[in-house]
Amino acid sequence: MAIELCRLIKDVSHMDITLVAGEKGMNHFASWVHMVETKEGTTFLEGGEIAFSTGIGLNNTVSLLELVENMCNNKAAGVVINTGPFIKTIPQEVIDFGNENNFPIFLVPWTIHIAEIMRIFCYAITKSEQKVLETATAFKNAIFFPKQEELYVVPLSQLGFRVNWSYYVCAIKVVDSSGFVPSIKQLELICTNLNNYLLHRQYDNIAIFNYENQILIVLGDYKEEKLDLFIEDLQEYSKRYLCKNNEYFFGIGQCTKSIHCLYKSYNQAISIQKLHENHQIEDSCISYSRLGIYKLLMGIEDKAVLAEYYMNSILPLYNYDQQSGSDLSNVLRCYLAHDGSVNDTADELYLHRNTVNYKLNKAAEILDMNLSSLDVRLQLKLGFMIKDML
């Protein structure tokens, strides 16, 4: 996991390293280090690296400014320039570029061994990645093996997550325009960027990791007011920073009493995410506390009860549609969503009201129910809601 430059620089503050430009970019996150001496070498940067250069590759055709510009264009986090026999001083034009583009430029004199600085940086980044992996592993154990406390209680306590805290689990599914989930590498990149964004927004006690093509976020010791702010920032991030061709579906489970029941919040988050993906809930209702009737249905832990209700309510209609190629279930669902208004149903489905009446009568006949009864409508609406959850 990447580390902010300002934190990394503190680890080498005793080594005569000086920031000469780009102070506003000190919140950039560094993912690794890379020695870059030529313009061509900048193409190997994948983004987030701290570049190091002694200037040995500079010549009459490539200036230090061009080298730094290319580092910046290839998304380096910043550059450490080793002044000495190849770079006497850092030109003002390079300093101006760093300030104008918020690209941190550090100066280290030749007497300092930059290899030692690189070693310290690599060690800090590796330790950070190790902590992220340990945290993710411990939380996965808490979710999927809650009875095996030895797998997560002590590790999470050592990582700063207390057992008696309340927790939320947030599940995020990402799909592209074709309905495909990004690769694991892409999901890991999203996790890293999202984690950095949330850290900048002052969210602490969080863990972000991917599991089975989804992104999971565990929030520790959060009150409902802070959760509301988190939801707003999460949705804002998805709109502003993530790929425009992708869709994002969210679900946030119930607040737990302790770390021991994290699995409940996870299961609820996945169910809510599915509802969001099926467009059955609005963006404002992605958390358990805002679900309405769905909240009651999720409280039924015996899924066989829900499945039986679904089979005895609307499943016959879906079976009829599948066999005959009709759309009676869709018409009935729309009718119920419009509180029994035939006109509103006809308008939404672009059908004549007589056609809607015919289809509703046919549905009532198949289900052997009286659609004019409010009690029957409620039963059928619950059946459709349960179908969304199964």
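What full-extension length gain, to one decimal in nm, is calculated for Leu159 and Lys303 as 0.36 nm per residue of separation minus the Cα-Cα distance?
Contour length minus the Cα-Cα distance gives 48.3 nm.
Over all directions, average the projected area of the Cα convex hull of the stretch 161-298 and note it in nm².
7.9 nm²
Applying the Karplus parametrisation 6.51 cos²θ - 1.76 cosθ + 1.60 with θ = phi - 60° to the phi angles of the stretch 338-355, what ³J(HN,Hα) value in whole Hz is obtained for each residue in order, glycine and proline being reported as x?
Once θ is set to phi - 60°, the couplings for the stretch 338-355 become 9, 6, x, 8, 5, 4, 5, 5, 4, 5, 5, 8, 6, 10, 6, 4, 5, 5 Hz.
Which loop-located GluC sites (Glu not before Pro) does the stretch 238-310 contain, where loop means any DSSP state but H, G, I, E or B and the Cβ has at most 13 other Cβ atoms within 10 Å?
Glu282, Glu301
Starting from the amide H of Phe52, placed 1.01 Å from N in the peptide plane, find each other amide H under 5 Å away whose residue is 5 or more places distant or on another chain.
His34, Met35, Val36, Val80
For the stretch 324-390 and the stretch 302-323, what is the separation of their C-alpha centers, rounded to whole Å?
Going from one Cα centre to the other spans 15 Å.
Run the numbers for Glu40 and Asp327: contour at 0.36 nm per residue of separation, minus the present Cα-Cα distance, in nm. Can you show the working numbers first?
Details: separation 287, 0.36 × 287 = 103.32 nm, distance 6.03 nm.
Result for the pair: 97.3 nm of gain on full extension.
Considering lysine pairs in the stretch 3-121 that are 8 or more places apart or on different chains, how many have Cα atoms under 24 Å apart?
Step by step, the pairs that qualify in the stretch 3-121 add up to 5.
Taking amide hydrogens as modeled 1.01 Å from N in the peptide plane, which residues meet the under 5 Å criterion relative to Ala21, leaving out close sequence neighbours?
Here the answer is Ile105, since their amide H atoms fall under 5 Å of that of Ala21.
Dividing the convex hull volume of the alpha carbon atoms of the chain by its residue count, what do you get in Å³ per residue?
Details: hull volume 68.7 nm³, N = 390.
Per-residue hull volume (Cα only) is 176 Å³.
Tally the DSSP beta bridges in the chain and give the antiparallel ones as a percent, rounded to 5. Intermediate values should be presented prior to the final figure.
Values: 23 of 37 bridges.
Antiparallel: roughly 60 percent of the beta bridges in the chain.
In bins 10 Å wide, starting from 0, what share of all Cα pairs of the stretch 227-307 does each bin hold, as a percent?
Bins of 10 Å from zero give 17, 47, 28, 8, 0 percent of pairs.
Separation of the stretch 214-274 and the stretch 148-174 by C-alpha centroid, Å?
So the two Cα centres are separated by 15 Å.
Quick one: Kirkwood hydrodynamic radius for the stretch 97-191, alpha-carbon pairs, angstrom, one decimal?
17.7 Å
Just need log10 I(q)/I(0) for the stretch 4-102 at q = 0.13, 0.20, 0.24 Å⁻¹, Debye formula, equal scatterers on the alpha-carbon atoms, no solvent, rounded to two decimals.
Those come out to -0.40, -1.02, -1.50, one per q.
Between Gln235 and Lys257, what is 0.36 nm times their sequence separation minus the Cα-Cα distance? Round to one decimal in nm.
Going from the current span to full extension adds 5.3 nm.
Return the Rg/Rh value of the stretch 304-389, two decimal places, where both radii are evaluated on C-alpha atoms and Rh is the Kirkwood radius.
That ratio equals 0.95.
Any lysines with Cα under 25 Å of the Lys359 Cα? List them, leaving off those in the same chain fewer than 8 positions away.
Once the sequence-local lysines are set aside, what remains near Lys359 is Lys381, Lys387.
Kindly write out, for the stretch 202-216 in residue order, the coupling ³J(HN,Hα) from the Karplus curve 6.51 cos²θ - 1.76 cosθ + 1.60 (θ = phi - 60°), rounded to whole Hz, with x marking Gly and Pro.
In residue order, the calculated couplings are 6, 9, 10, 6, 10, 9, 10, 7, 9, 8, 6, 6, 10, 9, 10 Hz.
Could I have the simple spin-label model distance between Tyr211 and Leu390, label points 7 Å from Cα toward Cβ, reported in nm to one decimal?
Simple spin-label model gives 2.6 nm for this pair.
Please list 3J(HN,Hα) in residue order for the stretch 126-140, calculated via the Karplus relation 6.51 cos²θ - 1.76 cosθ + 1.60 where θ = phi - 60°; whole Hz, with x for glycine and proline.
Per residue, the Karplus-derived 3J(HN,Hα) values read 5, 4, 5, 5, 4, 5, 4, 5, 5, 5, 4, 4, 5, 5, 4 Hz.
For n ≥ 4 DSSP H runs only, could you compute -39500 (n - 2.57) per run for the chain, divide by its residues and tell me the 222 nm figure to the nearest 500?
That calculation yields -15000 deg cm²/dmol at 222 nm.
I'm checking a number: the convex hull volume of the Cα atoms of the stretch 283-343, normalised per residue, in Å³. What is it?
Expressed per residue, the convex hull around the Cα atoms of the stretch 283-343 is 128 Å³.
Read-outs: derived from the displayed coordinates by stated rules, not from any lab. Values in this document were obtained by computation on a predicted structure and should not be read as measured data. We place every Cβ from the backbone using ideal geometry, glycine too, and count neighbours over all the protein chains shown.
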